[in-house]
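Visitor: Dropping the structure in here first, questions after.
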Amino acid sequence: MQIQIENQPFASIAADALVTYVFDQDQKIEGVLSEMDQATDGHLAALAASGELTGKTLENVLVHFPAGINAKRLLLVGAGKPGKFTVSDLRKIAGTALRYLKSRGVKKFVFLAREGERGPADLQAVVEGLVVADFESDKYRTEKKPNREIQSVSLAGFDANQDGMPQALENGRVIGESQNFARELINEPSNYLTPRMLAERAEAMAKEVGLGVEILDERKISELKMGALIAVAQGSIEPPRVIVLRYTPENLRPDSPVLGLVGKAVTFDTGGISIKPADNMEKMKYDMGGGATMLGAMRAIAYLKPSVPVIAVVPAAENMPGGRAQKPGDVQVAMSGKTIEVINTDAEGRMVLADGVFYARNLGCTHLIDAATLTGAIQVALANVHVGAFGTPREYLDHFLLSAKAAGEKMWPMPMDDEYREMIKSNIADIRNTGSGKGGGAITGAWFIKEFAEDTPWIHLDIAATCWVDDGKPWLAKGPTGVAIRSIVDFAMKL
Ligand code: BES
Ligand code: ZN
Ligand code: ZN
């Protein structure tokens, strides 16, 4: 899909469709809309007066062969109340328009930004929205859907000569494509994405975009004594891997912070001996979503070149029952030397992260972010709406939440009070891998990881409920979302 800025007046651009958006504000037709109304000889005002054009959020009105406009269709997307409008809504509008038009066989369209949304941040959001909305996977279908492809989108209303515009377009494309890179991985069935295959895919991507890459195999992992990762992997015939990607800025300052991105990549989570019920178990192929998130973020970072070095550490394993599998009650020794009483083998994500986080610190990371499909409990707490965001110290988390806000990703701060730490005390080892007592499952999971981050500034993103959507949204296909990548990249750029 080509995306370019177009400087011609919108009415004269030839395309399959022209798209813009209308606010829910009592039929007020102003700015670009009034130009459009004039061009179409009062059609817009008539539509608004008829009650068909309401401007309600993401409500689409399609006009065929609009008089006075060179495009074959005019699509008006509802933008909701103007007072509540944000750049995040603009992103969704662009995505909604693309999916709506794509399903109707449109190949080329023009997206016209209105007078209030013509800065670089708006442009970047529109491009992100378009690229992310264009993603669909029918890799494993032998009968492909009919040739529905958006070939080109022209962005009108923007001033191509304004400072930062070409860069904003490029950033939007890179970030959107990196989100799609992660989504493609998350979609893969576990028989096509074992830890070894994930490592190969990460290595190929790293070489393509110029990142340093090292893959730790089972021998190296056992030399390093990553006992928690090994414990999870030992039930599977598939050996574990640790993927390490490095981005180094050109003018590296010796006192620079080093950002570590650690992602849970359980390529399939059966639960192990504490086996999961069969219903919905197929979805546990997406239990590598945190790892894919970090790989996607690194891909974007390779292009956008922040001024701080970034290291990704992605521990990958398959969690299986079997004759060699770990059992409830077993005690494991993590790389840090801490001992873990395994109460439930299905609480495996925190174990692979224990060694991942500790290893990242050993590599010199001074600041950490981890992402993981860690707990079902986060869905109880926040439904499929917000990512659960944990972190210490609190100021570090607050900083990150600013990036989440800028990136238009909903994240909610979760408590880390000491009372929750008490719940992972073990009777026989240093810690246990599930909380004792009732409730707080997402928080005790976070505390477990913090035991290995210790005092290093650390953020934990529980994406179990947001990494995958069962129902598509007007701006997003069903399946993997690629959530958190935009926030992490924004944060790296500002660190
Ligand atoms: N991978 C799951 C968490 C999960 C659940 C991800 C639903 C996506 C959707 C994780 O490994 C897990 O099984 N967690 C357990 C922890 C419990 C045993 C303490 C859970 O949430 O039930
Ligand atoms: Zn599990
Ligand atoms: Zn899991």
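Derivation of every value follows stated rules applied to the coordinates shown; laboratory data play no part. Keep in mind that this is a model prediction, so the values were computed, not measured. A quick note on method: Cβ atoms are made from the backbone with ideal geometry, for glycine too, and the neighbour counts reach across all protein chains shown.
Visitor: Can you put Ser103, Ser426, Ser154 in order, fewest other beta carbons within 10 Å first?
Guide: Sorted ascending by nearby Cβ count, the order is Ser103, Ser426, Ser154.
Visitor: Quickly estimate the mean residue ellipticity at 222 nm for the chain, helices only: each DSSP H run with n ≥ 4 gives -39500 (n - 2.57), and the total goes over all residues, rounded to 500.
Guide: -11000 deg cm²/dmol
Visitor: Per the Kirkwood treatment, what hydrodynamic radius in Å, one decimal, follows for segment 316-421 from the mean inverse distance over all distinct Cα pairs?
Guide: 16.1 Å
Visitor: No solvent, one uniform scatterer per C-alpha: report log10 I(q)/I(0) for segment 134-224 via the Debye equation at q = 0.17, 0.21, 0.22 1/Å, two decimals.
Guide: Calculated log10 I(q)/I(0) at the listed q: -0.99, -1.19, -1.23.
Visitor: By per-residue mean of other Cβ atoms within 10 Å, what is the highest-first order of 343-352, 117-126?
Guide: Order by mean packing, descending: 343-352, 117-126.
Visitor: For each pair in Lys81/Lys283; Lys107/Lys283; Lys220/Lys285, compute the distance between the two Cα atoms and list the pairs where it is over 28 Å.
Guide: Going by Cα-Cα distance, Lys81/Lys283; Lys107/Lys283 fall outside the 28 Å limit.
Visitor: Further question on the same structure: Beta carbons within 10 angstrom, averaged per residue: use that to sort the peptides 428-440, 356-368, highest first.
Guide: Going by the mean number of other Cβ atoms within 10 Å, highest first, we get 356-368, 428-440.
Visitor: Place the peptides 286-297, 325-336 in order of packing, highest mean first, counting for every residue the other Cβ atoms within 10 Å and averaging per peptide.
Guide: 286-297, 325-336
Visitor: Let me ask something else about it. Taking neighbour counts of Cβ atoms within 10 Å as a proxy for exposure, in what order, fewest first, do Ile485, Ile311, Ile243 appear?
Guide: In increasing order of surrounding Cβ atoms, one gets Ile311, Ile243, Ile485.
Visitor: Given the pairs Lys92/Lys264; Lys92/Lys478; Lys108/Lys305, which span a C-alpha to C-alpha distance of over 20 angstrom in this model?
Guide: Over 20 Å Cα-Cα: Lys92/Lys264; Lys108/Lys305.
Visitor: So if I place +1 on the C-beta of Lys and Arg and -1 on the C-beta of Asp and Glu, and nothing else carries charge, what would the dipole magnitude of the chain be about its Cα centre? I want it in debye, nearest 20.
Guide: 680 debye
Visitor: Follow-up. So in segment 1-145, what percent of DSSP beta bridges are antiparallel if you round to the nearest 5?
Guide: Rounded to the nearest five, the antiparallel share is 40 percent.
Visitor: Could you estimate the translational diffusion coefficient of the chain from the Stokes-Einstein equation, with Rh from the Kirkwood formula over C-alpha pairs, at 25 °C and 0.890 mPa s, in whole µm²/s?
Guide: Estimated diffusion coefficient is 104 µm²/s.
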